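For reference, the structure discussed in these notes is given below.
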Amino acid sequence: MRPKGMTKADLEARRRVAVRLVKSGMTMREVADAVGASPAAVCAWMAAYRNGGPKALKAKPDIKPRDSRLGTAERAELERALREGARAFGFPNDLWTGPRVQKVLEKKFGVDFHVTHVLRVLRSMGWSQQRPQMEMREQSPEAVWKWRRKAWPAIKKKRAQKAARSSS
């Protein structure tokens, strides 16, 4: 863990001092105490120095965050595409799934995202996962109501009577 208040240049200087001290004959523990690090860290710095020379002790450059491969304009275009529905892109129904959106992104924008990242992008745009509702196409609400009111209680009653007989 980086000591509080130390810059990258300070850390690089500390690594160089540690290597010099080890080369002068001090033990790893003595060097670790002298530079305020753990013996394991000093050992790792020495291994890096042996393998890569002085360059291996250099501070690593800051990593700039990668630009998003979908800018604001592309996200707006994706939003419009999603609102058109999945059928507009040749899918058999209007259900959007991660793999389907992944295919649309590949086709429209030429970007290949992993499915889990596609779901993150959708969430960041305010979209949630869709789950199809199971409903029979030829189901009559009146018939269901009758069945629940008359047939189902009769079935439950028969089950209860049968259970009572078998337990006695």
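Things to note:
- Those lysines that a straight Cα-Cα span of less than 19 Å connects to Lys8, excepting residues fewer than 8 apart in one chain: Lys55, Lys58, Lys60, Lys64
- Relative contact order (%) - the chain, alpha-carbon pairs under 8 angstrom, separation at least six: 12 percent
- Qualifying lysines (Cα of each under 26 Å from Cα of Lys146; at least 8 residues distant if same chain): Lys156, Lys157, Lys158, Lys162
- Electrostatic tally near Ala81: other residues with Cβ closer than 15 Å to its Cβ, Lys and Arg +1, Asp and Glu -1, net +2.
- Computed from the alpha carbon positions, the gyration tensor of region 8-57 leads to an equivalent ellipsoid with semi-axes of 15, 12, 9 Å, biggest first.
- Sequence-ordered 3J(HN,Hα) estimates for region 156-161 from the Karplus curve with 6.51, -1.76 and 1.60 and θ = phi - 60° stand at 4, 5, 5, 4, 5, 5 Hz, glycine and proline given as x.
Read-outs throughout are calculated quantities, based only on the coordinates presented, and are distinct from any laboratory measurement. Here the structure is a predicted model, which is why all the values come from computation and not from measurement. All Cβ positions, even for glycine, are placed from backbone atoms using ideal geometry, and neighbour counts span all protein chains on display.
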